[in-house]
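Report on one structure; see the data block that follows.
The values are calculated or read from the model by the stated rules, or taken from the named source; none is laboratory data. Treat the numbers as computed from the prediction; the structure is a model and nothing was measured. So basically every Cβ, Gly included, is an ideal-geometry build from the backbone, and we count neighbours across all protein chains shown. Side chains are part of the model used for accessible areas, which takes the heavy atoms of the whole protein and leaves out ligands, DNA and RNA. Shrake-Rupley method; radii C 1.70, N 1.55, O 1.52, S 1.80 Å.
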Amino acid sequence: YQPKWDFRTGAFRGVEALVRWIHPKLGLLPPARFIPIAEETGMIHAIGHWVIDEACRQLARWDMEGATPIRMAVNVAVPQLRRQDFVTHVKEALARHDLAPRRLEIEVTESVFLDLDSQIRQSLRSLTDLGVKLSLDDFGTGYSSLSYLRNFRFDVLKIDRSFVSALHRNR
């Protein structure tokens, strides 16, 4: 889990669930090495279901241990949003672990807008209606337009580092 901090106040705000695969021969593999294959083979759905459930389980465990309630961000691939059962799975995971929907933040990359179909639109709206927070990750790396931000209610906009990495050198 990667911590998320409020740099204005220094307060700890939450975590992002990061998935890594510990391969028996290749060692620790980053998502870029296995997520595309998981998407092509359809395994992304099983992996995604496990990640959401595990993230909710860990969040509930921290709550039971007396930690300050925080939000957990989970990255979701576009094929997951295309599944009609995706939102149902999110609801069930939240209920199973007795978590308020606002404690979960679903992160999607702007590639979600490249093949935006009715099922993806419905999934995003249903998540918002449920109370789950939506985050748009890596904004500015593709071909999306700011107009998309008017059509969907994102709670967090994560601008790609390629835009902000040189801010200290070039205003």
Taking the stated definitions as given, is D160 of a type outside the set (G, A, S), open to solvent by less than 50 Å² (accessible area, probe 1.4 Å), farther than 20 Å from W50 by Cα and touching a residue at least 60 places away in the same chain (Cβ under 8 Å)?
no
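Looking at D98, is it open to solvent by less than 90 Å² (accessible area, probe 1.4 Å) and either of a type in the set (D, E) or under 24 Å from V19 (Cα atoms) (or both)? Steps first, please.
Values: open to solvent by less than 90 Å² (accessible area, probe 1.4 Å): no; either of a type in the set (D, E) or under 24 Å from V19 (Cα atoms) (or both): yes.
Here the answer is no, as D98 does not meet what is asked.
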Scan the stretch 139-149 and give yes if some residue there is crowded, with 17+ Cβ neighbours inside 10 Å and touching a Leu at 6+ places or on another chain (Cβ under 7 Å), otherwise no.
yes
Among the candidates T68, T88, residue that is open to solvent by 60 Å² or more (accessible area, probe 1.4 Å), under 22 Å from G131 (Cβ atoms) and in contact with a Phe, Trp or Tyr (Cβ under 8 Å, 6 or more places away or on another chain)
T68
Could you list all residues from the stretch 128-138 that are open to solvent by less than 30 Å² (accessible area, probe 1.4 Å) and either closer than 26 Å to F163 by Cβ or touching a Phe, Trp or Tyr at 6+ places or on another chain (Cβ under 6 Å) (or both)?
T128, L134, S135, L136, D137
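Can you tell me which residue in the stretch 12-36 is most open to solvent (accessible area, probe 1.4 Å), limited to those that are touching a residue at least 12 places away in the same chain (Cβ under 8 Å) and over 18 Å from A73 (Cα atoms)?
So the first thing to find is which residues in the stretch 12-36 are touching a residue at least 12 places away in the same chain (Cβ under 8 Å), and the list is 12-19, 21, 31, 33-35.
From what's left, over 18 Å from A73 (Cα atoms): 21, 33-34.
Numbers: W21: 110, R33: 133, F34: 20 Å².
So, considering only residues that are touching a residue at least 12 places away in the same chain (Cβ under 8 Å) and over 18 Å from A73 (Cα atoms), the one most open to solvent (accessible area, probe 1.4 Å) is R33.
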